[in-house]
Amino acid sequence: MTLEEQLSGDQSIGKMESVGNALEEVLCKAKLQRTITIGVYEAAKLLNVDPDNVVLCLLATDDTYDQDIALQIHFTLIQAFCCENDINILRVSNMSRLAEILGGSDKPGEPADLHCILINVGNTLMWSLPGGAWSPHELQVKDPALKEVICYCKESRYLDQWVPVINLPER
């Protein structure tokens, strides 16, 4: 490995940690502001009804993902839909940390379905409208954490990595 490759690798690890921290902040804010949709079926319903208000899709994998063919099919369909509708996508590999951030299920005794999470446009604290126009593609992101996550998604697409993987940092 050359020095250039090693430095590039160190920078990308630092970038991923930074984006992981920013993503954690986005999730906490979205939960507080109630601009988050959790669950594969709930996400599919929202994407079908109102895809224009979704700015970020998180697909979380755990140990059961490789054996769950239905989940893989859902992920493939959701990824295709998000790409078609210019919705940023990230794959999150630390499902236990995601559960810590978002908390448990609304139904006692049932674990929350954290495999698919959508961040919606919904609060003026995260967005500003240029010139009064209303279109998610014309929105300007005010929240620095969300801006960092969206920039990372765009940079990854530029490098032909359509669904980048992020590992949420342990606390």
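Return the residues of region 145-166 that are in contact (Cβ under 8 Å) with a residue 24 or more places away in the chain and assigned to a helix (DSSP H, G or I); say none if nothing qualifies. Please lay out each step first, then the result.
As a first pass, look at region 145-166 and keep what is in contact (Cβ under 8 Å) with a residue 24 or more places away in the chain: 145-146, 148-150, 152-154, 162-166.
Within region 145-166, 145, 146, 148, 149, 150, 152, 153, 154 meet the criteria.
How many residues are in a helix (DSSP H, G or I) and under 14 Å from residue 90 (Cβ atoms) if we restrict to region 39-57?
First, pick out the residues of region 39-57 that are in a helix (DSSP H, G or I): 40-49, 51-53.
If we keep only those that are under 14 Å from residue 90 (Cβ atoms) as well, we get 43.
So the answer is 1.
When you check residue 99 against the structure, is it modelled with pLDDT of 60 or more, part of a helix (DSSP H, G or I) and either closer than 22 Å to residue 16 by Cα or charged (D, E, K, R) (or both), yes or no?
Numbers: modelled with pLDDT of 60 or more: yes; part of a helix (DSSP H, G or I): yes; either closer than 22 Å to residue 16 by Cα or charged (D, E, K, R) (or both): yes.
Answer is yes for this residue.
Please find, within region 50-66, the residue that is farthest from the chain's Cα centre (by Cα) out of those that are under 16 Å from residue 77 (Cβ atoms) and either surrounded by fewer than 16 Cβ atoms within 10 Å (Cβ to Cβ) or among the hydroxyl-bearing types (Ser, Thr, Tyr) (or both).
Result: 65.
The values are calculated or read from the model by the stated rules, or taken from the named source; none is laboratory data. Because the structure is predicted, anything quoted here is derived from the model rather than measured. Cβ coordinates were reconstructed from backbone atoms using ideal geometry, including for glycine residues, and neighbour counts include every protein chain displayed.
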